[in-house]
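Remarks on the structure that follows.
What follows draws every value from the coordinates through simple rules; no lab data is involved. Computed from a prediction, not measured in an experiment: that's the story for all the values here.
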Amino acid sequence: MWIEQLKFDKQGLIPAIVQDYKSGEVLMMAYMNKEAVEKTIQTGKTHFWSRSRKKLWLKGETSGHFQMVKDIHVDCDEDCLLVAVKQVEAACHTNHYSCFYRKVVDNALKESETKSFNDAQILQDVYKTIVDRVKNPKEGSYTNYLFEKGIDKMLKKVGEETAEVIIAAKNRDEKEVQYEVSDLLYHLMVVLVEQGITLEEIYQELEGRK
């Protein structure tokens, strides 16, 4: 098996560079031992060896920011891995999409002005805002209004917005489709929050359908 060809160091570790499978952006670097490599292959999610904690860990096990493995490449010397993943939210513990969010400018570290756009982040931000409105009601909030009215009102709005999407698409009105789909996604997330379902659970369900 190809794992047997890998050249682990004296501590039984091999560096693994993780990159976004679409953009190619480098997200992080960590170490894997043989078990971590095997777990990564078996589960389809990145596993690493923590040198500080001396234990195996699943990326996203506490944050929910899982990395869905798309490809694994081995370098020419067989002593380094390149793992292409679909990143759920942020790869970095600082909540930046990439751990390499700073660059050297005039002999000093400066946060990069251009950051990769995580296509799931805006949905997560809206979801978190809805959750916050439930925990901390705000006067005049439409979200709070929906929760006060309850599930029947929420579902009625989902139905109305679905109809609006259908009409806009039938009319070939691109801008209107964007607007109505955004409305529909918002109301769907309101329902998800009401039902206690997270976006991560939806991502995982979709991932399993490929």
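Quick notes on this structure:
- Per-selection Kirkwood Rh - segment 2-111 (Cα, Å, 1 d.p.): 14.5 Å
- When the listed pairs Lys22/Lys157; Lys39/Lys110; Lys86/Lys110; Lys86/Lys157; Lys103/Lys175; Lys103/Lys138 are checked against a 28 Å cut-off, the alpha-carbon distance exceeds it for Lys22/Lys157; Lys39/Lys110; Lys86/Lys157; Lys103/Lys175; Lys103/Lys138.
- Scattering profile of segment 121-207 at q = 0.13, 0.19, 0.21, 0.22 Å⁻¹ [log10 I(q)/I(0), Debye over alpha-carbon scatterers]: -0.46, -0.92, -1.05, -1.11
- Matching label, Cα extents along the principal axes in Å computed from the structure shown, candidates (i) 68, 40, 32; (ii) 62, 46, 38; (iii) 54, 41, 27: (ii)
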